[in-house]
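Heads up: the structure comes next, in structure tokens.
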Amino acid sequence: MSRQSPMSGADRATSDLPAAGAAPVRTAAPEPDRVPARDRVPEPDGTPRRPGARRGVTEIVLGTVLGQGLLIAAAPVLARLYNPADFALLQIFTGVVSIGAVLASLRMDLAVPLARDVTETRAVLRAGLTGAVVVAVAIGLLGLAGAGLWTVNPTLAGLWAAWWLVPPTVAVIAVFQLVSAVLVRSERYRDIAGRNALQGVGTAGAQLGFGFAGLAPLGLLLGMGVGRAAGLASIARGGLFPPPAAGRREPVTVAQVRAAVRRFRRFPLFTTWTALLNNTGQYAPYLLFSLTYGQNPTGWLAFTSRLLALPATVVGQAVAQVFLGRGASARRDATGELPRLTWLAVRRLALLGAGPAIALSVAGPWAFGWVFGAQWERAGSYAQLLAVAFLAQFVASPVSNVLNLMERQGLALGWEAVRLVLVVGVPWLVWLLGGSDLLGVAAYAGVLVLSYGGVLALVWWVLRHG
């Protein structure tokens, strides 16, 4: 969940202007946005329009189902190729590279949908790609320099052994986010669907292949980068931007990049911290479990969380991408459609997710033991406790971008800080008082429900008061 800072009227009027006394910024004539012809649908009068939300969601869901469906199908095999300690390492690794990718992209992926034309979009993209390379290298060096301070248990020692994978994975995730934002901006849902399908195929194929080769836990970690690289390859084939109307496209200049960074400076300056708090809050509980309850409970929690997050990936992420694209259009065009789009998405997601959450609450331990093997039966008890929490995530996460679209990151930043304290502090307090791992998971689940409920409350307030 990432948000942009509120801008005063003066800020909006001056944020695109060069500083006093600076030389004028020379820019090429802006290129209009164009949607590929294959993605256009004719209006009744014969003029092309962009595909609707329902069609966009359907296309993305189909592509995501192909990719993530393979991961779901592979889960029983992966549960036997890798043990809970391997999944504990995967989750800690995922946290490190996800937080690193937030820094590496400079949050310019959120600025892309709001860029005014293709020229500015390319400038924003160039800024983000530059940041991805520089920050990924810096993270690798900092981790190496401070290894003696953080390798304090077996899981973190395993992370140190695989640290060479961190910089390239951070870079590929950041690039993946930036490139995906360009597709969202243009509402190229078919390309997003193809990207999602190949990402899942690449991830599952790498994790299965390396697992059968006996490369555990390395195969799980390699799968992250391989999957996103496969998704990027599918996008590269069709290109990011349509060819210019006439002649050769002018290269992006340093002045254009500076102008874009100046206009969207609140993304790296403010939403970065919100996203860092969000990602830290998402992954810090796994580090806490690793330091308190040990490798197996951490692995059970990680495995369960990944399985429960798959529906949010298949449907919720598709809705989020379409919602961001259409919400940004509604915001740019001042159509007043954003509240209707928001609550329509909330209602449909709640209805869609309620049934699976109830079923999991009833049959979690039995289902996990039967499908994944006896060593994962405890994870089924975790699933019972987490079912409602992941339903709340499924509903709230896609529409959290309202806070970004409405440029109200201040509230979000404060809420994320509170959330981080709660998701770490409450389970830690349970452990300190001698509570079992199940009580720790129950405490974590309760905090998640409160957290995502708070997000919906913030969205309601911002839509009502602006």
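Sequentially through the range 300-310, phi angles give Karplus couplings (6.51, -1.76, 1.60; θ = phi - 60°) of 4, 5, 5, 4, 4, 4, 5, 5, 5, 7, 4 Hz, Gly and Pro residues having no value and appearing as x. Packing-based ranking of 65-77, 145-157 yields 65-77, 145-157, ordered from highest to lowest mean Cβ neighbour count within 10 Å. Here the range 65-212 is treated as an ellipsoid with the same Cα gyration tensor; its semi-axes, largest first and in whole Å, are 30, 23, 9. In this view, the solvent-accessible surface of Asp191, computed with a 1.4 Å probe and all protein chains in place, comes to about 40 Å².
Could you tell me which of Ala379, Gly410, Leu360 has its Cα farthest along the dipole of the range 350-466 towards the positive end, charges placed at Cβ (Lys, Arg +1; Asp, Glu -1), taken about the Cα centre? It is Gly410, whose Cα lies furthest towards the positive end.
How long is the gain from Thr151 to Ala233 if the chain were fully straight, where each residue apart is worth 0.36 nm and the alpha carbon distance is subtracted? Could the numbers behind the result be given before it?
Working: separation 82, 0.36 × 82 = 29.52 nm, distance 3.51 nm.
Net length gain for the segment: 26.0 nm.
List the trypsin sites (Lys or Arg not before Pro) within the range 77-147 that DSSP assigns to loop and that have no more than 14 neighbouring Cβ atoms inside 10 Å.
Qualifying residues, ordered by number: Arg116.
What FRET efficiency do you get for Arg248 and Val134 if R0 is 30 Å and r is their Cβ-Cβ distance, rounded to the nearest 0.05? Efficiency at R0 = 30 Å is approximately 0.55. Per-residue Karplus couplings for the range 434-441, computed as 6.51 cos²θ - 1.76 cosθ + 1.60 with θ equal to phi - 60°, are listed in order as x, x, 6, 4, 5, 5, x, 5 Hz, Gly and Pro entered as x. Averaging the Cα positions of each part gives two centres, and for the range 198-270 and the range 99-173 these lie 12 Å apart.
The values are calculated or read from the model by the stated rules, or taken from the named source; none is laboratory data. Being a predicted model, the structure only gives us computed values, none of them experimental. All Cβ positions, glycine included, derive from the backbone under ideal geometry; neighbour counts span all protein chains shown. Heavy atoms of the whole protein, side chains included, go into the accessibility calculation; ligands, DNA and RNA do not. Shrake-Rupley method; radii C 1.70, N 1.55, O 1.52, S 1.80 Å.
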